[in-house]
Amino acid sequence: MSRLLEKLRRLRKNEAGAALVEFAFVAPVLILLIMGMLDVGHRIYATAILQGSVQKAARDASLDDGAAKTSTIDDRVKELMLPVLQEEPISRFDFERKNYSSFSDVAQPEDFTDSNNDGECNNGEPYDDSNGNDSWDEDKGIAGQGNAKDAVLYTVTVTYPRLFPMAGLIGLSQNQIIEASTVLRNQPFGGQGARGEAKSPMLRW
């Protein structure tokens, strides 16, 4: 009995393997931290590559024949992203172009006369139909590359899977979404086209 008690005392004082147990507690947190840092770093790097690609694509599209080559230009953006992201359909690319008569019009609502001072275009209030779609819009831009001298807002949104499939364990989406945009004026290869006209919609009761 005394021999058994002695062995138990020695076992209690024995610290061999304590580091392994401590590491088992710390390792999951450490691994998640490292994966998170890599994921954030990859996102920052991918965004930087995308922004540079968008700038180059927008310059190419602003040339005289740019409007006829938008698909080719968009494909070039995808190619430049391949060293960083996987190809479609694993990664998804969404391209959007809106053209405006000037830089000051970008992402601005169509002008209207707010007769009742409610901040909305309604009840027959006259407005400038800048994009020619017979309705007042919060964005006066027209889809597409536009004409000579038009200011073009070019936006690319990319959705791609995260580097590590563990994001769901901490409540994050399995996909990352990055976006880059730029505004450039088309070169003056011709005269700038006319836009819209003043309109008064029918009264709505």
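The values are calculated or read from the model by the stated rules, or taken from the named source; none is laboratory data. Note that the coordinates shown come from a computational prediction; the quantities given were computed from them, not determined experimentally. Glycine also receives a Cβ, built like all others from the backbone with ideal geometry; neighbour counts cover every protein chain displayed. When the accessible area is computed, the model is the full protein with side chains, heavy atoms only, and any ligands, DNA or RNA have been set aside. Shrake-Rupley method; radii C 1.70, N 1.55, O 1.52, S 1.80 Å.
Any idea how many residues of the stretch 146-166 are over 16 Å from Ser101 (Cα atoms) and open to solvent by 10 Å² or more (accessible area, probe 1.4 Å)?
So in the stretch 146-166, the residues over 16 Å from Ser101 (Cα atoms) come out as 155-166.
Checking the rest, the ones that are also open to solvent by 10 Å² or more (accessible area, probe 1.4 Å) come to 155, 157, 159, 161-166.
Qualifying residue count for the region: 9.
Among the numbered criteria (1) open to solvent by 70 Å² or more (accessible area, probe 1.4 Å); (2) part of a loop (DSSP other than H, G, I, E, B), which one does Ile177 miss?
(2)
Looking at the stretch 123-135, which of its residues are in a strand (DSSP E or B) and either under 19 Å from Pro188 (Cβ atoms) or open to solvent by 50 Å² or more (accessible area, probe 1.4 Å) (or both)? Explain how you work it out, then say what you get.
Our first condition is that a residue be in a strand (DSSP E or B); within the stretch 123-135, this holds for 127-128.
Matches in the stretch 123-135: Asp128 only.
Any idea which residue in the stretch 45-70 is surrounded by the fewest Cβ atoms within 10 Å (Cβ to Cβ), counting only those that are modelled with pLDDT of 95 or more, among the small types (Gly, Ala, Ser) and over 14 Å from Val183 (Cα atoms)?
Ala48
Looking at Glu79, Glu120, Glu88, Glu138, which is the one that is touching a helix residue (DSSP H, G or I) at 6+ places or on another chain (Cβ under 8 Å) and open to solvent by 30 Å² or more (accessible area, probe 1.4 Å)?
Step by step, each of Glu79, Glu120, Glu88, Glu138 is checked, and only Glu88 is touching a helix residue (DSSP H, G or I) at 6+ places or on another chain (Cβ under 8 Å) and open to solvent by 30 Å² or more (accessible area, probe 1.4 Å).
Within the set of pairs 6 or more residues apart or between chains, which connect a residue that is in a loop (DSSP other than H, G, I, E, B) inside the stretch 95-116 to a residue that is of a type in the set (A, V, I, L, M) with Cβ atoms less than 7 Å apart?
Ser102/Ala151; Val106/Ala151; Val106/Leu153; Val106/Val183; Ala107/Leu153
Yes or no: Ala143 among the small types (Gly, Ala, Ser) and in contact with a Ser or Thr (Cβ under 8 Å, 6 or more places away or on another chain)?
So Ala143 fails the test.
For a quick check of your reading of the model, give me the residue pairs whose first member lies in the stretch 153-171 and is under 27 Å from Ser104 (Cα atoms), whose second is polar (S, T, N, Q), with beta-carbon atoms closer than 6 Å and at least 6 apart or on different chains.
From residues that are under 27 Å from Ser104 (Cα atoms), the pairs are Tyr154/Thr182; Thr155/Ser181.
Could you grab the pairs with beta carbons closer than 7 Å, sequence gap of 6+ or different chains, first residue in the stretch 182-195 and within 29 Å of Gln51 (Cα to Cα) and open to solvent by less than 80 Å² (accessible area, probe 1.4 Å), second one among the basic types (Lys, Arg) and not in a loop (DSSP other than H, G, I, E, B)?
Every condition considered, the pairs that remain are Leu184/Arg59.
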